[in-house]
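In what follows, a structure is listed as structure tokens, so that the remarks can point back to it.
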Amino acid sequence: MSARRTPWWYYVIAALIGLLFGAILVKSDEMSGLSLIGAPWFVAFILVLLGAVVLLLALQVHQYAITDPAKRKSWIDPTKAVYTLVLCKALGIAGAGLAGWYLAQAMLVFGHWGIPYFQNVIIQCVVTCFICIADMVVGIVGEWLCQLPPSEGAENPKIKAAKRRERQRKLAAGV
């Protein structure tokens, strides 16, 4: 199985979808009077905690991957490594989507800054938006940390370049 890096535009699409749904939530909140906007502080705390756990797991996988096999003091379960990679990918996409969600809410109610309730909502949404952006960055960096270094096998860029040079040398020599 070969895992690929998450394309950059996935994060952009997730953020745009979050912006769209955040805007829809604010507009429906204004029309119905049912207050669903904002982000309770425990959500921000949970997002910080989640980002820290995922980063810690990614650092463990990275440390194992870059250590020489003969010098490894511990063994990491390959399933744990794959789950960590999946968590990093999910955190990156979710962070982008939630950042858009909370940014849209903050932007759309900013005109009501003079009302104490909306001041609290804006502050909550902006703080949570920054935390979500940090989680997105942790997800992207964690995904990079979970990469295996290139092996000395046929897929190694150095081996491929050497084979290419050898082919070109043979073609130039007429062999």
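The values are calculated or read from the model by the stated rules, or taken from the named source; none is laboratory data. Note that the structure is predicted; figures quoted are calculated from it, not measured. All Cβ positions, even for glycine, are placed from backbone atoms using ideal geometry, and neighbour counts span all protein chains on display. Accessible surface is based on the protein model in full, side chains and every heavy atom, while ligands, DNA and RNA are left aside. Shrake-Rupley method; radii C 1.70, N 1.55, O 1.52, S 1.80 Å.
In table form, for the structure just shown:
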| quantity | calculated |
| --- | --- |
| Residues that are surrounded by 24 or more Cβ atoms within 10 Å (Cβ to Cβ) and either more than 13 Å from Ile13 (Cβ to Cβ) or in contact with a Leu (Cβ under 7 Å, 6 or more places away or on another chain) (or both), drawn from the range 89-98 | Leu91, Gly95, Leu98 |
| Yes/no for Ile93 being in a helix (DSSP H, G or I), among the β-branched types (Val, Ile, Thr) and in contact with a helix residue (DSSP H, G or I) (Cβ under 7 Å, 6 or more places away or on another chain) | yes |
| Every residue from the range 24-42 that is under 23 Å from the mean Cα position of the chain (by Cα), at pLDDT below 85 and farther than 17 Å from Ala94 by Cβ | Gly38 |
| Boolean, Lys163 is of a type outside the set (Gly, Ala, Ser), outside any loop (DSSP other than H, G, I, E, B) and either surrounded by fewer than 10 Cβ atoms within 10 Å (Cβ to Cβ) or touching a strand residue (DSSP E or B) at 6+ places or on another chain (Cβ under 6 Å) (or both) | no |
| Search result, residues across the range 48-76 that are free of Cβ contacts under 8 Å to residues at least 12 places away in the same chain, among the β-branched types (Val, Ile, Thr) and either buried (at least 16 other Cβ atoms within 10 Å of the Cβ) or in a helix (DSSP H, G or I) (or both) | Val53 |
| All positions within the range 107-132 that are at pLDDT below 95, of a type in the set (Phe, Trp, Tyr) and either open to solvent by less than 80 Å² (accessible area, probe 1.4 Å) or within 28 Å of Leu55 (Cβ to Cβ) (or both) | Phe118 |
| Verdict on Val86 being hydrophobic (A, V, I, L, M, F, W, C), within 28 Å of Arg5 (Cα to Cα) and in a helix (DSSP H, G or I) | yes |
| Exclusive hit being within 21 Å of Tyr102 (Cβ to Cβ), at pLDDT 90 or above, open to solvent by 100 Å² or more (accessible area, probe 1.4 Å) and in a helix (DSSP H, G or I), set Phe21, Phe45 | Phe45 |
| Tally, over the range 108-147, of residues that are more than 28 Å from His62 (Cβ to Cβ) and in contact with a Cys (Cβ under 9 Å, 6 or more places away or on another chain) | 1 |
